[in-house]
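The values are calculated or read from the model by the stated rules, or taken from the named source; none is laboratory data. This is a predicted model, so every value here is computed, not measured. All Cβ positions, glycine included, derive from the backbone under ideal geometry; neighbour counts span all protein chains shown.
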Amino acid sequence: MKVIRNYLYNVGYQVLAIIVPLITSAYVSRVLKPEGVGANAFTNSIIQYFVLFANMGIGLYGNRQIAYVRENRQKMAKTFWEIQIVKTIMTLASFIAFEIFMIFYTRQADYMWAQSINLIAVAFDISWFYEGIENFKVTVLKNSFVKIVSMIAIFVFIKNPSDVTLYIVVLASSTLLGNLTLWSNIRRDLPKVNYKALQPWPHFLPMAELFIPQIATQVYVQLNKTMLGGMVSETASGYYQYSDNLVKLVLALVTATGTVMLPHVANAVSKGNMKKVNQMLYKSFDFVSALAYPMMFGLASISLTLAPKYYGPGYEPVGPAMMIESIVILVIAWSNVLGVQYLLPVHHQRDFTISVTVGAIVNIILNVPLIHTWGLYGAMWSTVISEISVTLYQLWAVRELLSYRKLFKDSWKYFISGLVMFIPIFWMNTHLKDSWLMMGIEILIGIIIYSLMVFILRAEIANEAHSLIDKKINKK
């Protein structure tokens with residue numbers, strides 16, 4: 001039950017963290033126009049390279065290390081402060097590097113300095129600690145409050161196309177404030193430590209090992225926006241981000257399992273219970289497949305009308321971009337299970353690193369010709385192909401550790417169910433009246449079709465849902 005509860009907490013926050021920008025983006029897209037939206041997307045893609053350096057792989061590493069030692073409170077406190085010292089030093093080093101960069105980079109200086117608040121916020125982010133002890137309630141409730149406050153601030157203060165800098169400040173400050181609120185519970189959750197006994201630097205090399213895959217991941221998360229801004233236009237960079245925002249909203253429902261399962265699996269590994277680890281992996285893979293297939297097909301079926309309807313006039317290119325990018329919902333869902341939930345906690349870090357490095361290399365190789373030929377849509381295909389390459393490598397890496405038959409046992413059932421759902425919903429979306437009510441009806445019909453197909457094909461998740469219902473009835 002704890003895993004399910006934490007999953008729901010994390011899903012709730014991940015969805016809120018993306019829904020708030022989505023709610024505001026429908027307003028901001030009309031106020032700031034594509035040019036202002038693109039300026040924010042482009043400058044944010046640059047600051048994220050410095051944020052990446054400051055984070056130094058600490059999110060995944062800290063989560064895992066705290067999970068390993070959480071049953072020894074004194075050791076847990078020592079580990080926390082050692083990791084936090086390294087993170088603070090790395091953030092300072094990254095900010096100095098940013099200041100040097102700004103001596104030479106004079107383009108859009110106001111936007112860049114406003115974006116630097118995101119870099120300061122990194123030093124105060126201790127969400128990895130609460131994820132490691134599986135206390136998702138603290139991070140969810142406090143950050144949710146901050147997200148809602150930031151949403152209100154955007155509606156109050158952002159009024160015209162010249163408010164781009166203010167918009168960036170509001171977004172970045174909300175991240176900083178959210179991170180600061182987590183510190184209020186640290187004294188209660190950690191005992192005092194002897195600061196002279198702390199040894200932070202032994203953590204540095206393991207962090208650096210996880211830093212390499214994060215660099216690679218960042219390449220195909222941010223580089224596409226940077227290259228679009230440089231090769232095509234900042235407006236194209238904004239289109240990419242707005243497509244990515246909607247896709248990542250859907251994806252958050254699936255990948256939230258990764259953050260929840262990592263400490264759970266790591267704890268089982270520390271006890272040597274590999275049978276339990278594999279059982280959890282097969283169930284998690286089936287669960288995310290059951291969610292990812294309908295989300296992929298569902299978003300693709302309504303994307304052509306959803307994007308321009310949501311963002312407003314001038315954002316029509318976002319629709320086809322979303323349709324292409326919807327493919328990553330499935331492949332990232334799979335790589336999240338195989339990589340974050342399995343390879344990392346069972347100490348196959350090298351395979352995880354290689355997988356995302358392969359994806360980055362594929363992305364870099366494809367970006368120039370595809371963006372040059374097809375612009376925004378070329379960047380989307382580059383993203384999709386690179387994510388597929390990550391997942392394929394991870395599947396190859398676990399070939400002797402896991403059973404493909406068990407992993408993909410019901411995958412074909414979810415695929416057929418999703419495809420059967422896609423065909424009528426896509427037809428309805430492109431031929432019937434274009435309204436929010438009709439889109440809501442299409443989504444509802446899609447859910448019904450997919451659910452019926454899953455039950456007709458007798459997929460395992462349908463049997464588990466039926467068992468849970470029976471148990472609740474019997475308890476009553």
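Residues that are farther than 25 Å from residue 205 by Cβ number at least 2 in the following helices (runs of 4 or more DSSP H) confined to segment 62-151: 73-104, 109-115, 117-122. With the structure loaded, tell me whether residue 421 is out of contact with any Asp or Glu (no Cβ under 8 Å at 6 or more places or on another chain), closer than 22 Å to residue 296 by Cα and surrounded by 24 or more Cβ atoms within 10 Å (Cβ to Cβ) or whether it fails that test. Taking the combined requirement at face value, the residue satisfies it. Just one of (1) within 27 Å of residue 25 (Cα to Cα); (2) in contact (Cβ under 8 Å) with a residue 40 or more places away in the chain; (3) not in a helix (DSSP H, G or I) fails for residue 199. It is (1).
Listed here are the residues, each with its yes/no results for (1) farther than 30 Å from residue 456 by Cβ; (2) touching a residue at least 40 places away in the same chain (Cβ under 8 Å); (3) in a helix (DSSP H, G or I).
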site	(1), (2), (3)
355	yes, yes, yes
363	yes, yes, yes
380	yes, yes, yes
391	no, yes, yes
416	no, yes, yes
420	no, no, yes
425	no, yes, yes
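Looking across 412, 396, 381, one residue alone is under 18 Å from residue 322 (Cα atoms) and either surrounded by 14 or more Cβ atoms within 10 Å (Cβ to Cβ) or out of contact with any Ser or Thr (no Cβ under 8 Å at 6 or more places or on another chain) (or both). It is 381. Scanning segment 271-303 for residues that are among the charged types (D, E, K, R) and either in contact (Cβ under 8 Å) with a residue 24 or more places away in the chain or not in a helix (DSSP H, G or I) (or both) gives 271, 286. For first residues located in segment 16-33 and modelled with pLDDT under 75, partners that are in a helix (DSSP H, G or I) and among the small types (Gly, Ala, Ser) and lie 6+ apart or on another chain with Cβ distances below 6 Å form the pairs 16/144; 18/252. Being crowded, with 16+ Cβ neighbours inside 10 Å, among the small types (Gly, Ala, Ser) and farther than 23 Å from residue 226 by Cα is a condition met by at least one residue of segment 104-127. Which of the residues belonging to segment 304-321 are surrounded by fewer than 24 Cβ atoms within 10 Å (Cβ to Cβ) and either among the small types (Gly, Ala, Ser) or assigned to a helix (DSSP H, G or I) (or both)? 304, 305, 306, 307, 308, 309, 310, 312, 314, 319, 320, listed by residue number. Restricting attention to segment 275-328 and to residues that are more than 22 Å from residue 374 (Cα to Cα) and among the β-branched types (Val, Ile, Thr), the residue that is modelled with the highest pLDDT turns out to be 302. Within segment 225-244, residues that are within 17 Å of residue 33 (Cα to Cα) have Cβ atoms under 7 Å from residues that are of a type in the set (Lys, Arg) in these pairs: 237/225; 240/225; 241/225, counting only partners at least 6 apart in sequence or on another chain. In segment 45-61, the residues that are surrounded by 23 or more Cβ atoms within 10 Å (Cβ to Cβ) reach residues that are modelled with pLDDT under 90 and basic (Lys, Arg) with C-beta atoms within less than 9 angstrom, at least six apart or across chains, in these pairs: 45/225.
Looking across segment 393-414, the residues that are assigned to a helix (DSSP H, G or I) and either more than 19 Å from residue 451 (Cα to Cα) or of a type outside the set (S, T, N, Q) (or both) come down to 393, 394, 395, 396, 397, 404, 405, 406, 407, 412, 413, 414.
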